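> Below are the structure tokens for one structure; questions will follow.
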Amino acid sequence: MIRAIRLALAGALALAALPAAAFDAPEKEEIGKIVREYLIQNPEVLYEAQKEWNRRQEAKLQEKRETALKTYAETLATSKLHAVLGNPKGDVTLVEFFDYNCGYCRRAISDLDAMIAADPKLKIVLMELPVIREESLGAAQVSIAVSQTAPEKFRAFHEKLLNSQTLATRAKALAVAKEVGVDAAKLDAAMKGPQVERTLIESKTMADDLGVEATPTFVVGDAVVPNTKTVVDDLQGRIAAIRTCGKAIC
């Protein structure tokens, strides 16, 4: 019986390449019954098909990432839009896509501080990706304006806003900027200029190209690294590898 079903299914799949008009209604019904019966008797086929679909999707994403990774480093090297922590002339660049309303990003700030303290040659580029809440966009806009008008005050602003226990909104971000001494007039002018939108667009474009969907996500060398419990050890290992062989994993 199983053999007959397999043969019938094989025939049905072969005929599937033909136009729908090649089958009359009874034939379509019979093919449907054969396929249904086969899948009921062999449900593992569905699991195998899902696994293969996932594999192909991951392969497509990886191919897209590899293409994007070839160009993103050049973009970061020439772009002056994004905030930088650590050594602006560092020999290794670590990128963090983050959102001020992301709880895991709040936890990651202490990890990044530790990495900066331990590695004077590390450059960290912060890419705004306001995806957690609608209010995140306003906070991101203020943050970008602060980094562009008062870069010397940005780290204090950034850490104070991230460590805040309240919702990060435009109003909250403006209040924090005032607290750390950012000139209100210059900040207002920057937020009305085109650079803020350009920064957000560049960040979103890079995130899409690299397949980044959640925050925080880190990019170092040829690796896209989602947040993990051992983020410091993971990233430090990849940074060391880049210095050794030019790749995140030697």
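> When segment 119-149 is examined, which residues are found to be hydrophobic (A, V, I, L, M, F, W, C), farther than 15 Å from residue 193 by Cα and either in contact with a Gly (Cβ under 9 Å, 6 or more places away or on another chain) or not in a helix (DSSP H, G or I) (or both)?
Matches in segment 119-149: 122, 124, 125, 126, 127, 129, 131, 132.
> Is it true that some residue in segment 185-203 is closer than 22 Å to residue 78 by Cβ and of a type in the set (Asp, Glu)?
There is at least one residue in segment 185-203 that is closer than 22 Å to residue 78 by Cβ and of a type in the set (Asp, Glu).
> Out of segment 74-90, which residues are under 21 Å from residue 141 (Cβ atoms) and part of a loop (DSSP other than H, G, I, E, B)?
Residues satisfying the conditions are 79, 80, 81, 82.
> Here are 112, 76, 81: which of them is in the same structural domain as residue 230 (by TED's automatic domain parsing), buried (at least 18 other Cβ atoms within 10 Å of the Cβ), over 29 Å from residue 230 (Cα atoms) and modelled with pLDDT under 95?
Just a single option satisfies the conditions, and that option is 81.
> Surrounded by 14 or more Cβ atoms within 10 Å (Cβ to Cβ), part of a loop (DSSP other than H, G, I, E, B) and modelled with pLDDT of 95 or more: which single residue out of 196, 182, 212, 176 fits that description?
That would be 182, the only listed residue that is surrounded by 14 or more Cβ atoms within 10 Å (Cβ to Cβ), part of a loop (DSSP other than H, G, I, E, B) and modelled with pLDDT of 95 or more.
> Inspect segment 152-160 for any residue being in contact with a Phe, Trp or Tyr (Cβ under 8 Å, 6 or more places away or on another chain) and either surrounded by 14 or more Cβ atoms within 10 Å (Cβ to Cβ) or basic (Lys, Arg) (or both) and give the result as yes or no.
Filtering segment 152-160 down to residues in contact with a Phe, Trp or Tyr (Cβ under 8 Å, 6 or more places away or on another chain) leaves none.
There is no residue in segment 152-160 that is in contact with a Phe, Trp or Tyr (Cβ under 8 Å, 6 or more places away or on another chain) and either surrounded by 14 or more Cβ atoms within 10 Å (Cβ to Cβ) or basic (Lys, Arg) (or both).
> Which residues, taken from segment 215-233, are part of a helix (DSSP H, G or I) and surrounded by 18 or more Cβ atoms within 10 Å (Cβ to Cβ)?
231, the sole residue that qualifies.
The values are calculated or read from the model by the stated rules, or taken from the named source; none is laboratory data. What you are looking at is a predicted structure, and each value in this text was computed from that prediction instead of being measured. Quick reminder, even Gly has a Cβ in these numbers, built from the backbone with ideal geometry, and neighbours come from all protein chains shown.
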